[in-house]
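Asks: Got a structure for you, written out below as structure tokens; questions coming shortly.
The values are calculated or read from the model by the stated rules, or taken from the named source; none is laboratory data. Quantities reported herein were computed from a predicted structural model and do not represent experimental measurements. Reconstructed Cβ throughout: ideal geometry from the backbone, glycine too, with neighbour counts over all protein chains shown. The area values use the complete protein model at the heavy-atom level, side chains included, leaving out ligands, DNA and RNA. Shrake-Rupley method; radii C 1.70, N 1.55, O 1.52, S 1.80 Å.
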Amino acid sequence: MIFFKLKKNILFRKYSDFGYLADNFMFGYRALNDSSPVLPEKYVSLSGAVMLELLSREFQSLDVIVEKLLNIFVDVDYLELKQDILDFFMLLVNEGYLNCSESDEMDTDIIDNFQTKSCDDNQINKNFAFNNIEPVTNGIDSINLQNNFLRSIHVEITNVCNEYCVHCYFPSERINVLMKADVFEKIILEGRKMNIINVTLSGGEPLTHPNFIGFLKMCRELDLSVNVLTNLTLLTDEIVSEMRKNPLLSVQTSIYSMDVEVHDSITHLSGSLEKTKTAVSKLIQANIPVQISCPVMKQNKDSFVDVVHWSETKNLPVLVNYTIFATYDHSNSNLVNRLSPSEIAEAFASQLSTDYIKYFRNNAIKKCALSGDVPICTVCRYYFCISATGDVFPCVGWQNKILGNINKISLEEIWEKSAQIQYLRQIKWKDFPKCLHCKDRGYCTVCMMKNANENVDGDIFRINDFHCKVAEKIHAKIDTWLE
């Protein structure tokens, strides 16, 4: 007898006319030495989605699955249906999306760690002759599909924060708001009905919310991948206990310097570095994926490298951001802390390595190959953000671009009917002709949010020359290294 299950890191959703499989590493973080492949997103036909919908993260026998599907595929012969299901599932086993076993008593945590299957390969019909159903992808345009379904929601459950970081995109004057529990429940339930896959919880500082653990539990029970963006200074054992229950959960926190004075001067919270480091250690011990974010600014430009080295000793991914974006009130008040283009180039050069160069050069080649008809950004194509007051906006930081309010209209109506969302989806590379033909295009990110925040009039098309100079210098640094 053969048993099948979804791997613990795989997410599946069935839509009206197709199915979607994704590796949670597309939405979360993993250790630096984890060499296991990140599986690409995969689309399957409706009949394949019907088959996959019966699977869970616990083993089920093929015979039980066949009996259930006979009530759906009523005109299919039992043996033909069983062979079709076996072929389809074994294809996904070979690709790494499913696990199979000859027993339902195997430890699922152990078997999930193996990329190879544990079933007899001889049982597969090598011809993959799907008789009356078509479970594999047939002509599905995954790029166009990205416009058609909401995959991820970023929810700022509060704008209350116990730190006052000098580079924060929140204006210094802001009203402290906690999202009501029933509003969060409405967002998550409506989102899950739309088959969302991922939820990011942030603030402010999300751990200040009294219902934070309840929010995590709700996401877990709805089989949602969860990212938590937090400074971790308020982490408790109770929060860690709930985090451990969701294998699809990961945490991102910021460390600016290993020098206490430098880090704490940025956060304006005495003792914040030690609290964050202690909390990171707790999460590591609990096997919860963690990523370190390290924005570089004038205060830490001479010591941020120590954060990278510290993260490597802990085997943690570290994301270094060399530019900070402006507050969304158009005041640009936080940009006094931003490095100059020359300082950014020097900070970037201090981190150059062969792997780093390959990463940037490969990305540059891909960017330069994009045609003018390719969308300039992913905003409103498969995700958007919601503030603590219920306002919906395109992405984190772009809070002056209100698309609707969840307290007044449903999530689905905003996603499907907002004229502003429809407009943003149509913006292409060709709408930025200067950028489309720029020699430094591959080393720059054209960001409508950055433009909107930095320009007093909120113009999303006018690019600050600052970013052009940064791209030029980064390009030059890479070329010099290669020479």
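Asks: I'm trying to understand the selection: among the residues of region 193-217, which are within 23 Å of Tyr15 (Cα to Cα) and surrounded by fewer than 19 Cβ atoms within 10 Å (Cβ to Cβ)? Reasoning before the result, please.
Replies: So in region 193-217, the residues within 23 Å of Tyr15 (Cα to Cα) come out as 193-200.
Scanning region 193-217 gives Lys193, Met194, Asn195.
Asks: May I pose another question? Does any residue of region 36-57 turn out to be farther than 26 Å from Met194 by Cα and open to solvent by 10 Å² or more (accessible area, probe 1.4 Å)?
Replies: yes
Asks: Which condition number in (1) touching a helix residue (DSSP H, G or I) at 6+ places or on another chain (Cβ under 9 Å); (2) buried (at least 19 other Cβ atoms within 10 Å of the Cβ); (3) under 22 Å from Glu156 (Cβ atoms) is the one that Ala345 fails?
Replies: Going through (1) touching a helix residue (DSSP H, G or I) at 6+ places or on another chain (Cβ under 9 Å); (2) buried (at least 19 other Cβ atoms within 10 Å of the Cβ); (3) under 22 Å from Glu156 (Cβ atoms) one by one, Ala345 breaks only (3).
Asks: Further question: Filter region 365-401 for residues that are exposed (fewer than 15 other Cβ atoms within 10 Å of the Cβ), in contact with a strand residue (DSSP E or B) (Cβ under 7 Å, 6 or more places away or on another chain) and not small (Gly, Ala, Ser) and give the result.
Replies: Passing the criteria: Asp373, Val374.
Asks: So, one more: Scan Gln420, Gln426 and give me the residue that is among the polar types (S, T, N, Q), surrounded by fewer than 16 Cβ atoms within 10 Å (Cβ to Cβ) and farther than 30 Å from Leu352 by Cβ.
Replies: Gln426
Asks: For residues that are aliphatic (A, V, I, L, M) and either part of a strand (DSSP E or B) or farther than 19 Å from Leu229 by Cβ (or both), tally how many sit in region 240-274. Break it down into steps so the answer makes sense when it comes.
Replies: Filtering region 240-274 down to residues aliphatic (A, V, I, L, M) leaves 240, 243, 248-249, 251, 255, 258, 260, 262, 266, 269, 273.
Next, only the ones that are either part of a strand (DSSP E or B) or farther than 19 Å from Leu229 by Cβ (or both) stay: 249, 251, 258, 260, 262.
Number satisfying all stated conditions: 5.
Asks: Can you tell which of Phe393, Phe432 is more than 27 Å from Asn227 (Cα to Cα) and of a type in the set (Phe, Trp, Tyr)? Outline the logic, then answer.
Replies: Values: Phe393 fails: more than 27 Å from Asn227 (Cα to Cα).
Unique residue meeting the criteria: Phe432.
Asks: Taking Val446, is it at pLDDT 95 or above, closer than 25 Å to Glu343 by Cβ and among the aliphatic types (A, V, I, L, M)? Even if it seems obvious, please write down each step before you answer.
Replies: Details: at pLDDT 95 or above: no; closer than 25 Å to Glu343 by Cβ: yes; among the aliphatic types (A, V, I, L, M): yes.
For Val446, the condition - at pLDDT 95 or above, closer than 25 Å to Glu343 by Cβ and among the aliphatic types (A, V, I, L, M) - is not met.
Asks: Against the condition surrounded by fewer than 20 Cβ atoms within 10 Å (Cβ to Cβ), at pLDDT below 95, of a type in the set (Gly, Ala, Ser) and over 20 Å from Leu21 (Cα atoms), how does Ser241 come out, does it pass?
Replies: Numbers: surrounded by fewer than 20 Cβ atoms within 10 Å (Cβ to Cβ): yes; at pLDDT below 95: no; of a type in the set (Gly, Ala, Ser): yes; over 20 Å from Leu21 (Cα atoms): yes.
Answer is no for this residue.
Asks: Would you tally the residues in region 453-474 being part of a helix (DSSP H, G or I), in contact (Cβ under 8 Å) with a residue 60 or more places away in the chain and either of a type in the set (Val, Ile, Thr) or open to solvent by less than 40 Å² (accessible area, probe 1.4 Å) (or both)?
Replies: 6
Asks: Assuming Gln351 fulfils every condition listed in (1) open to solvent by less than 40 Å² (accessible area, probe 1.4 Å); (2) among the polar types (S, T, N, Q); (3) more than 18 Å from Arg441 (Cβ to Cβ); (4) within 23 Å of the chain's Cα centre (by Cα) apart from one, which condition is it?
Replies: (4) is the only condition that Gln351 fails.
Asks: Restricting attention to region 218-238, report how many residues are open to solvent by 40 Å² or more (accessible area, probe 1.4 Å), within 25 Å of His167 (Cβ to Cβ) and outside any loop (DSSP other than H, G, I, E, B).
Replies: 1
Asks: Same structure, new question: Taking Lys298 and the conditions (1) surrounded by 20 or more Cβ atoms within 10 Å (Cβ to Cβ); (2) part of a loop (DSSP other than H, G, I, E, B), which numbered condition does it fall short on, given that it satisfies the others?
Replies: Failing condition for Lys298: (1).
Asks: So, one more: Any residue at all in region 168-180 that's open to solvent by 20 Å² or more (accessible area, probe 1.4 Å), at pLDDT 55 or above, of a type outside the set (Ser, Thr, Tyr) and not in a loop (DSSP other than H, G, I, E, B)? Full working, then the answer.
Replies: Narrowing region 168-180 to residues open to solvent by 20 Å² or more (accessible area, probe 1.4 Å): 168-169, 172-178, 180.
Restricting the remaining residues to those that are at pLDDT 55 or above gives 168-169, 172-178, 180.
Keeping just the survivors that are of a type outside the set (Ser, Thr, Tyr) gives 168, 173-178, 180.
From what's left, not in a loop (DSSP other than H, G, I, E, B): 178.
The answer is yes; a qualifying residue exists.
Asks: Among (1) open to solvent by less than 50 Å² (accessible area, probe 1.4 Å); (2) within 21 Å of Val155 (Cα to Cα); (3) more than 22 Å from the chain's Cα centre (by Cα), where does Val307 come up short?
Replies: (2)
Asks: Picking from Lys439, Lys408, which residue would you name as being part of a loop (DSSP other than H, G, I, E, B), open to solvent by 50 Å² or more (accessible area, probe 1.4 Å), within 30 Å of Ile196 (Cα to Cα) and not aromatic (Phe, Trp, Tyr)?
Replies: Numbers: Lys439 fails: within 30 Å of Ile196 (Cα to Cα).
Lys408 is the lone residue from the list that is part of a loop (DSSP other than H, G, I, E, B), open to solvent by 50 Å² or more (accessible area, probe 1.4 Å), within 30 Å of Ile196 (Cα to Cα) and not aromatic (Phe, Trp, Tyr).
Asks: Scan region 299-312 and report the pairs whose first residue is more than 20 Å from Val166 (Cβ to Cβ) and whose second residue is of a type in the set (S, T, N, Q) and open to solvent by 10 Å² or more (accessible area, probe 1.4 Å), with Cβ atoms within less than 8 Å and a gap of 6+ or a chain change.
Replies: Note: pairs meeting the criteria are Val308/Gln351.
Every residue, every condition in (1) surrounded by fewer than 18 Cβ atoms within 10 Å (Cβ to Cβ); (2) modelled with pLDDT of 90 or more, yes or no:
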{"residue": "Asp121", "(1), (2)": "yes, no"}
{"residue": "Ile124", "(1), (2)": "no, no"}
{"residue": "Ile153", "(1), (2)": "no, yes"}
{"residue": "Asn159", "(1), (2)": "no, yes"}
